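Every read-out reported here was derived from the displayed coordinates using simple, explicitly stated rules and does not represent laboratory data. Just so we're clear, the structure is a prediction, and the values are computed from it rather than from any experiment. Positions of Cβ are generated from backbone atoms using ideal geometry, with glycine treated the same way; all protein chains shown enter the neighbour counts.
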Amino acid sequence: MLRRTLYWSSHYLLIGLYVLFALFPLFWLIKVALTPNDLLYSEGIRLWPSRTSLEHFRFVLAHSEFPLFFRNSLIVSAGTAVSVTLVSAAGGYGLSRFTFRGKPLLVALMLITQMFPLVMLVAPMFRLLAPIGLTNSLTGLVIVYTAFNAPFATFLMQSFFDAIPKELEEAAMIDGATRFGAFRRIILPLTLPGIAATGGFVFTAAWSELLFALMLNSSSRASTFPVGLLSFVSKFSVDFGQMMAAGVLALIPACLFFFLIQRYLVRGLTAGAVKG
Amino acid sequence: MSAIDISGVSKRFGNTPILHEITLAVEAGEFVVLVGPSGCGKSTLLRMIAGLEEVSAGEIRIGGTLVNDLPPKARDIAMVFQSYALYPHMSVADNMAYSLRLRRTPKQDIKTAIHAAAAKLGLGPLLERKPKALSGGQRQRVAMGRAIVRRPKAFLFDEPLSNLDARLREHMRAEIKKLHRELGATSIYVTHDQIEAMTLADRIVAMNGGHIQQVGSPLELYDRPANLFVAGFIGSPAMNMFPANFSRRDGRPTLVHPAFTLTLEDDCALQDGAALTVGIRPEHIELGAGSIQGIVDLVEPTGLGTIAHLTLAGTSLKAFGLTRPPLMVGASVSLDLPVHNLHLFDADGVRVRR
C-alpha cells in the first residue's frame, strides 16, 4: 500500500516537474507581455510584476504591422497544411498499399531530402523562385514548405495507412466499390485521426518557420509573423514587451487548431479495434 | 448460383511459384473446401477467384464468364475474411447495406434484405451497434450477413472461423452448413482445419506445395487417401505410418516388418522386396487381439475413448478405441492390424491400388 502510494506520488512529482520545466518559458512570455514598460527594467527579476497592463497588446494590434503578418502566417500555414495533407495522404497510401518498380529508391530519395541542413538550400531556392516571381510571395512559401514537409508527412501517413488492415479495402472492392471508392468511403474516414495529426504537425511547422520566410520574402507585405517578431529588434534596443505580446497572440491559432483536432488525436491513440 | 471453372491456373510472386497449373471445376451450388497447411497456396487461389490477386497463367470462369481481367466488383461474388474486415465506422446495418447501396438498390429493398439476413443470423437486436461493441462470434455473423444480403453468384470463405474459440467454431460450423443448405449457394471455403473440411464439404480439395493432392468427397479422402500427404493430413489422431517391405512368400503377397509379417488378402503390382510405407488409422488397430506384441508407452483418455501410444520394434503406433481398456504403461499388449484396413504407399508416396 505504502509502496503504491510512493510509486504514484513520485510518478506525479516527476510529471509535475516536467510540465513545470516545459511550461515555464510560456509563463515568462505571458508575464513579460503583461508587464508595463516602466516596470520591465526597474523591478529586477520577479515572478509576477507588481502591476499588469495590456498596453503592449494594444500597441501591437493597433500600431504595428503585426495583424498583417498574422494574416500572412495564417494563409501560409493553412495552405501548407492542406496541400501537404493531400500530397502525403495520396503518397502514404501508395507506399502502404502498392509495390512498384523503384519504390525502395523513391523511399531512399525521400529520406535523403530530410538529411541535410536547410540553410544550404536557401540560395538555390532563391535562384529558382526569383525568376518566376515566387519570392516576396505567400504562394512561394507554401510551395517551399510543402516540398520540405511532404516527405516526412508521407511517412507519417504511411504508418497510419499501414495500421488499417488491407482486408477492409478488399472487402469494399468485393462489395462493389472501385479502389478509389474504397479509399474514399472506407479508408479515409478511418484515417481522419492520422490526417488531423499530420495536418497539425505541418501547420505548426509552417507557423514557426523563420529561415525561408526571412530569406525569400523581404517586403513586409509578404512577411509572416516569425519575421515580424524580428522587427521588434531594432539597432539600439529590443522591445521585449511588444515582442512577447505578439508572441502570445501568435500562440492563439496553434492552440485553436490543436483544440479542434484534439478529439481526432485522442481517437487516433485508441483506434485500431478492427478485429477481435 | 454459378459454377466456377478453374483451368491451368498458375501464380507466381516475382520468381517464386505459388500455384502450379491448378484445374478444378466447382459445380453450381456445391460446397468445396480447399484444405492444406499454411503456405500451400489455398488462400492465394481463393483471392485469385475473388479478383484480389492477378492470375499469372490459366483461366478462371464464373458462371461461364472469363473473369481473369475483371475487377472484384464486376465478378459478383461475396467473401468472408478471417479478420471479418467489418467497416469499423459503420453500424452493423450499414455494414450489411454497403454493397446494396453501391448497387443503388432501392431503400425499401435494402431494408427488407437486411432484416431477412439479420433474422436468419440472429443479429436483429444488434443492427445499430458498431463492430467494436460486438463479440467475436457476433462479428463473424455480421461478416456472413454482409455476404448473404447480396445474393451473389458465389460465396468465398477465407478461414472464417479461425479467430473463434473452439466451442464457437463448432457452433458456427454447423450454422454455415445449415445456411448453405438453405441458400444452396456455390461456396468455396478455405481452411487449414481438416475437421472443418470434413464436416462442411461436399468435396474436399487437399492442397500442398501449390499442387492439388486429391479432390473428392470427405469420406473418399479419409478412406482412400491418394498419397502420403493426404493420408497424414486428414484425420485426427493422424494415421499411423511405418516402413515395411513387400515380398511374395509362397506366392502370397506379404508385408515384412521387423516385428511382424502380415499376409495381404489380395495381390498388387509390386516388385518383390519393394519398400513401402504402410498406413493404418488409429481406430483400426485392435487391442487385446491378434498375435503382434507391443509395449504401452502412454495412455491418453479423451473421455470419448482412449488413445494408446504403443511401440513395437522401433515403430510408434497410436491406437484409438471407444472402450476404456485397463492398459498399464510399460506393459505388453497384443494387437492386430487388420489387413483390409491397411493403406499402402509406394516409394514416391503414391497409393498402391489393391
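Specify the angular offset, from 0 to 90 degrees and rounded to the nearest 10, of the alpha carbon long axis of helix A:119-129 from the longest principal axis of the alpha carbons in chain A.
Once rounded, the angle reads 80 degrees.
So how far apart, in nm, are the two label points at B:Glu54 and A:Val119 if each is 7 Å from Cα heading toward Cβ?
Result: 4.9 nm between the two label points.
Is the shape of chain A rounded, prolate or oblate, going by the alpha carbon gyration tensor and its root eigenvalues a ≥ b ≥ c, with a/c under 1.5 for rounded and a/b larger than b/c for prolate?
Verdict is oblate for chain A.
Wrap a convex hull around the Cα atoms of chain B, take a quarter of its surface area, and give that in square nanometres.
So the Cα hull casts an average projection of 21.5 nm².
Compute the FRET efficiency between A:Leu39 and A:Ile252 as 1/(1 + (r/R0)^6), taking r as their Cβ-Cβ distance and R0 = 35 Å, and round to the nearest 0.05.
The computed FRET efficiency comes out at 0.90.
Per residue of chain B, what 222 nm ellipticity follows from adding -39500 (n - 2.57) for every DSSP H run with n ≥ 4, rounded to the nearest 500?
-7000 deg cm²/dmol
Quick check: Cα centre of the stretch B:1-54 to Cα centre of the stretch B:273-292, how many Å?
Using only Cα atoms to place each centre, the spacing works out to 36 Å.
Angle between the Cα long axis of helix A:103-112 and the longest principal axis of chain A, 0 to 90 degrees, nearest 10?
10 degrees
Starting from a Cα-only point model with no solvent, please compute log10 I(q)/I(0) by Debye for the stretch B:246-354 at q = 0.12 1/Å.
Normalising to I(0) and taking log10 leaves -0.45.
Could you tell me which residue out of A:Leu188, A:Trp207, A:Ala177 lies farthest along the dipole of chain A toward its positive end? Charges go on the beta carbon: Lys and Arg +1, Asp and Glu -1, centred on the Cα centre.
A:Ala177
Considering the dipole of the stretch B:4-233 built from charges on the beta carbon (Lys and Arg +1, Asp and Glu -1) around the Cα centre, which of B:Val33, B:Ala78, B:Pro106 is farthest to its positive end?
B:Pro106
So what are the radius of gyration and Dmax for the Cα set of the protein assembly as shown, in Å?
My reading of the Cα-based Rg and Dmax gives 36.2, 125 Å.
Within the set B:Lys153/B:Lys178; B:Lys73/B:Lys178; B:Lys42/B:Lys120, which residue pairs have Cα atoms separated by over 20 Å?
From the list (B:Lys153/B:Lys178; B:Lys73/B:Lys178; B:Lys42/B:Lys120), the Cα-Cα distance tops 20 Å for B:Lys73/B:Lys178; B:Lys42/B:Lys120.
In nm, give the distance between the simple-model label positions of B:Val299 and A:Val82, each being 7 Å from the Cα along the Cα-to-Cβ direction.
A separation of 8.1 nm, rounded to one decimal place.
Can you give the average number of partner chain beta-carbon atoms within 10 Å of each beta-carbon in peptide A:173-185, as a whole number?
For peptide A:173-185, the averaged partner shielding equals 6.
Given a cut-off of under 8 Å on Cα pairs at least six residues apart, what relative contact order in percent is computed for chain B?
16 percent
Ranked highest first by the average count of other Cβ atoms within 10 Å around their residues, in what order do A:116-122, B:243-249, A:245-251, A:16-22 fall?
So the order, starting with the most tightly packed, is A:245-251, B:243-249, A:116-122, A:16-22.
Cross-link candidates for A:Lys31: which aspartates and glutamates have Cα within less than 14 Å, leaving aside residues fewer than 8 places away along the same chain?
Answer for A:Lys31, where 14 Å is the Cα cut-off: A:Glu43, A:Glu55, listed by chain and number.
Please identify every one of the trypsin sites (Lys or Arg not before Pro) in the stretch B:142-171 that sits in a loop by DSSP and has no more than 13 other beta carbons within 10 Å of its own beta carbon.
Loop-located and lightly packed - none at all.
Could you please state, rounded to a whole Å, how far the C-alpha centre of the stretch A:1-54 is from the C-alpha centre of the stretch A:61-97?
32 Å
By counting other Cβ atoms within 10 Å of each Cβ, how are B:Tyr98, A:Tyr264, A:Tyr7 ranked from fewest to most?
With the fewest neighbours first, B:Tyr98, A:Tyr264, A:Tyr7 line up as A:Tyr7, A:Tyr264, B:Tyr98.
Could you state the number of Å between the C-alpha centres of the stretch B:101-175 and the stretch A:180-243?
Between the Cα centres of the stretch A:180-243 and the stretch B:101-175 lies a distance of 48 Å.
Using the Cα centre of chain B as the reference point, and only Cβ charges (+1 on K/R, -1 on D/E), how large is the resulting charge dipole? Debye, rounded to the nearest 20.
1820 debye
Evaluate the distance, in nm, between pseudo-label points positioned 7 Å from the Cα of A:Arg46 and of A:Arg221 along their respective Cα→Cβ axes.
It is 4.6 nm.
Is there a simple number for the mean count of other chain Cβ atoms within 10 Å of the Cβ of residues in B:47-54, and what is it?
Per residue, the number of nearby Cβ atoms from other chains is 2 on average.
Treating only the Cβ atoms of Lys and Arg (+1) and Asp and Glu (-1) as charged, compute the dipole magnitude of the stretch B:123-172 about its Cα centre; round to the nearest 20 debye.
Taking the Cα centre of the stretch B:123-172 as origin, the dipole is about 260 debye.
Which residue, B:Ser91, B:Ser291, B:Ser99, has the most motion in a Gaussian network model of chain B that connects Cα atoms within less than 10 Å?
Per the Cα network of chain B with a 10 Å cutoff, B:Ser291 tops the list.
Determine, from the Cβ-Cβ distance of A:Leu260 and B:Ser236 and an R0 of 60 Å, the FRET efficiency 1/(1 + (r/R0)^6), rounded to the nearest 0.05.
The value I calculate is 0.55.
In degrees from 0 to 90, rounded to the nearest 10, what is the angle of the helix A:188-207 Cα long axis to the longest principal axis of chain A?
For helix A:188-207, the angle is close to 30 degrees.
Would you work out which of B:Ser334, B:Leu156, B:Val215 lies farthest towards the positive end of the dipole of chain B? Charges go on Cβ: Lys and Arg +1, Asp and Glu -1.
Most positive-ward Cα: B:Leu156.
Tell me which chymotrypsin sites (Phe, Trp or Tyr not before Pro) from the stretch A:66-151 have a DSSP coil assignment and no more than 10 other beta carbons within 10 Å of their own.
A:Phe98, A:Phe100
By counting other Cβ atoms within 10 Å of each Cβ, how are B:Met90, B:Met79, B:Met144 ranked from fewest to most?
Taking fewest neighbouring Cβ atoms as first place, the list is B:Met90, B:Met144, B:Met79.
How about the stretch A:200-236: which chymotrypsin sites (Phe, Trp or Tyr not before Pro) there are in a DSSP loop, with at most 13 other Cβ atoms within 10 Å of their Cβ?
Of the chymotrypsin sites (Phe, Trp or Tyr not before Pro), the ones in loops of the stretch A:200-236 whose Cβ has at most 13 other Cβ atoms within 10 Å are A:Phe236.
Give me Rg/Rg_expected for the stretch A:1-53, where Rg uses Cα atoms only and Rg_expected = 2.2 N^0.38 Å with N residues.
Dividing the Cα Rg of the stretch A:1-53 by 2.2 N^0.38 Å gives 1.74.
Within the stretch B:173-193, find all residues whose amide N lies under 20 Å from a label point positioned 7 Å from the Cα of B:Glu220 along Cα-to-beta-carbon.
Those under the cut-off are B:186-191.
Could you list B:Thr191, B:Thr199 so that the one with the fewest beta carbons within 10 Å of its beta carbon is first and the one with the most is last?
Ordered from fewest to most neighbouring Cβ atoms within 10 Å, B:Thr191, B:Thr199 come out as B:Thr199, B:Thr191.
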